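**Student:** Handing you this structure, nothing more for now.
The values are calculated or read from the model by the stated rules, or taken from the named source; none is laboratory data. Everything quoted here is computed from the prediction, not taken from an experiment. Cβ atoms come from the backbone with ideal geometry, glycine included; neighbour counts cover every protein chain shown.
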Number of protein chains: 2
Amino acid sequence: MRYELYYWPTIQGRGEYVRLALEEAGADYIDVARSGNGVGKMMKMMEAAKGAPPFAPPFLKAGKLVIGQTANILLYLGPRVGLAPKAEAPRLWVHQLQLTIADLVDEIHDTHHPLGTSLYYEDQRPAAKRRAREFWHARVPKFLGYFERLIGASGGPYLNGRRVCYADLSLFQIIEGLRYAFPNHMKRFERKVPNLIALHDKVALRPNIKAYLASERRIPFNDDGIFRHYPVLDR
Amino acid sequence: MRYELYYWPTIQGRGEYVRLALEEAGADYIDVARSGNGVGKMMKMMEAAKGAPPFAPPFLKAGKLVIGQTANILLYLGPRVGLAPKAEAPRLWVHQLQLTIADLVDEIHDTHHPLGTSLYYEDQRPAAKRRAREFWHARVPKFLGYFERLIGASGGPYLNGRRVCYADLSLFQIIEGLRYAFPNHMKRFERKVPNLIALHDKVALRPNIKAYLASERRIPFNDDGIFRHYPVLDR
């Protein structure tokens, strides 16, 4: 099966969690919006009056099925590409972890857009400074501390022990993104989450991920995505 | 099977989407934290070092399984209690709708807490005013317009036509909550989403829901939950 991924072509964004899973699995896929009239095609699918139009990218076309919401895509893909268990209980557990990561991603986004996504960052800088401070004070320790404990309890190197799952790939992306957006904060914080950093390093060395990161398929971080490097937010 | 729901005992919050599903289904459940030492029991389960500790309430205990994240709980419960199809494609579709509702719930919460959950509302009032304005200007029309179109396309009265699913119950709660928090805005906005209002009214009349809403099990809205009535945000 050739999967079709639909996501904005110039950012990693939420699509990246799906890209990482497809790449790690060596799945046959096309990143539709990155070629030809792909963005137009993507917009058209969201405007469809019938069927099951997704609310927003990313979405995945798998045969006739169109699946929206990042975590839902991974729920579908995971067991099919060997990145999640097939049995219900552990499959729901991995999904639960991914939904918690999705909550963290929302909060990361809001550090630069606390007053709303339709306003420019430049018009909400003071609010962004307060939100970013609170994010590092209260939220990062809570979220990353949770994942750090889980890796410790499983024995590592991954969330569930020795077998990698798609939520591990997403945590890799979280660490990469936080390093890009908040290098000063991360320099101080990383020593508090050694298990997470070890997980990150382990994922980075997986052959398919390594090849992906070195390829042109990996869009570089930039200041249009979820993770943005605004030095004033990183003091 | 007697389900055990774990959620904060004094607010509707995110637990309410699960409560509505359990009530509609007439399921056998206990709302653990609302009696005896329930809150202490709930906190202990989150601190568990082994197994699969949830990040935050709500979570559901079903036999030996402990399931966290609101949408994940409903994904599990839905087909078991007749509130979602059993087949994979329509089951993922209902879950996708629920995840989109969860995104809306996050944005509703952020209207009164744009700078972070660990700060008081009173310390972020100017930011809350801007966020609430942007929410009504850009976000409510986008989210509710999407669900309005889906009901229209299905023929109604529910999201998927004549059969109710748990996402319909959640949309009922969204309308109830927005009416509580933003009565002025809703007075003007409701005429734009007649399908959604009809869905709300239909859910409210379902016998199990009606009985639940009239019972003491339904916690009244208050200003500690997701939906808060701050008149200054409703101008």
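**Student:** How about the range B:125-141: which of its residues are free of Cβ contacts under 8 Å to residues at least 12 places away in the same chain and either within 18 Å of the chain's Cα centre (by Cα) or over 26 Å from residue B:194 (Cα atoms) (or both)?
**Tutor:** Answer for the range B:125-141, where residues must be free of Cβ contacts under 8 Å to residues at least 12 places away in the same chain and either within 18 Å of the chain's Cα centre (by Cα) or over 26 Å from residue B:194 (Cα atoms) (or both): just B:126.
**Student:** Of the numbered conditions (1) under 15 Å from the mean Cα position of the chain (by Cα); (2) small (Gly, Ala, Ser); (3) not in a helix (DSSP H, G or I), residue B:82 satisfies every one except a single condition; which is it?
**Tutor:** The single condition residue B:82 does not satisfy is (1).
**Student:** Let me ask something else. Find all pairs meeting these conditions: Cβ atoms under 8 angstrom apart; at least six residues apart or on different chains; first residue within the range B:186-209 and over 19 Å from residue B:143 (Cα atoms); second residue outside any helix (DSSP H, G or I) and modelled with pLDDT of 95 or more.
**Tutor:** Close Cβ pairs (under 8 Å, with a partner that is outside any helix (DSSP H, G or I) and modelled with pLDDT of 95 or more) amount to B:202/B:157; B:202/B:158; B:203/B:164; B:206/B:164; B:208/B:26.
**Student:** Condition test on residue A:226, is it more than 17 Å from residue A:143 (Cβ to Cβ) and at pLDDT 95 or above?
**Tutor:** No; evaluated as a whole, the condition is false for this residue.
**Student:** Moving to a separate point now. Based on what the data block shows, is residue A:111 at pLDDT 95 or above, closer than 20 Å to residue B:98 by Cβ and of a type in the set (Val, Ile, Thr)?
**Tutor:** Judged against the criteria, residue A:111 is not a match.
**Student:** Considering only residues of the range B:42-79 that are part of a loop (DSSP other than H, G, I, E, B) and away from chain A (no Cβ under 11 Å), which is surrounded by the most Cβ atoms within 10 Å (Cβ to Cβ)?
**Tutor:** Among residues in the range B:42-79 that are part of a loop (DSSP other than H, G, I, E, B) and away from chain A (no Cβ under 11 Å), the one surrounded by the most Cβ atoms within 10 Å (Cβ to Cβ) is B:58.
Quick grid of which residues meet (1) assigned to a helix (DSSP H, G or I); (2) more than 8 Å from every other protein chain (Cβ to nearest Cβ):
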position	(1), (2)
B:93	yes, no
B:96	yes, no
B:99	yes, no
B:118	no, no
B:122	yes, yes
B:133	yes, yes
B:138	yes, no
B:141	yes, yes
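**Student:** When residue A:108 is evaluated against the numbered criteria (1) surrounded by fewer than 24 Cβ atoms within 10 Å (Cβ to Cβ); (2) at the interface with chain B (Cβ under 8 Å from one of its Cβ atoms); (3) in contact with a Phe, Trp or Tyr (Cβ under 7 Å, 6 or more places away or on another chain), which criterion, by number, is the only one it fails?
**Tutor:** Going through the list (1) surrounded by fewer than 24 Cβ atoms within 10 Å (Cβ to Cβ); (2) at the interface with chain B (Cβ under 8 Å from one of its Cβ atoms); (3) in contact with a Phe, Trp or Tyr (Cβ under 7 Å, 6 or more places away or on another chain), residue A:108 breaks only (2).
**Student:** Given the criterion touching a residue at least 24 places away in the same chain (Cβ under 8 Å), surrounded by fewer than 18 Cβ atoms within 10 Å (Cβ to Cβ) and within 14 Å of chain A (Cβ to nearest Cβ), identify the matching residue among B:161, B:155, B:145.
**Tutor:** Unique residue meeting the criteria: B:145.
**Student:** For the range B:214-235, what are the residues that are part of a helix (DSSP H, G or I) and either touching a Pro at 6+ places or on another chain (Cβ under 7 Å) or surrounded by 16 or more Cβ atoms within 10 Å (Cβ to Cβ) (or both)?
**Tutor:** Listed by number, the list holds a single entry, B:233.
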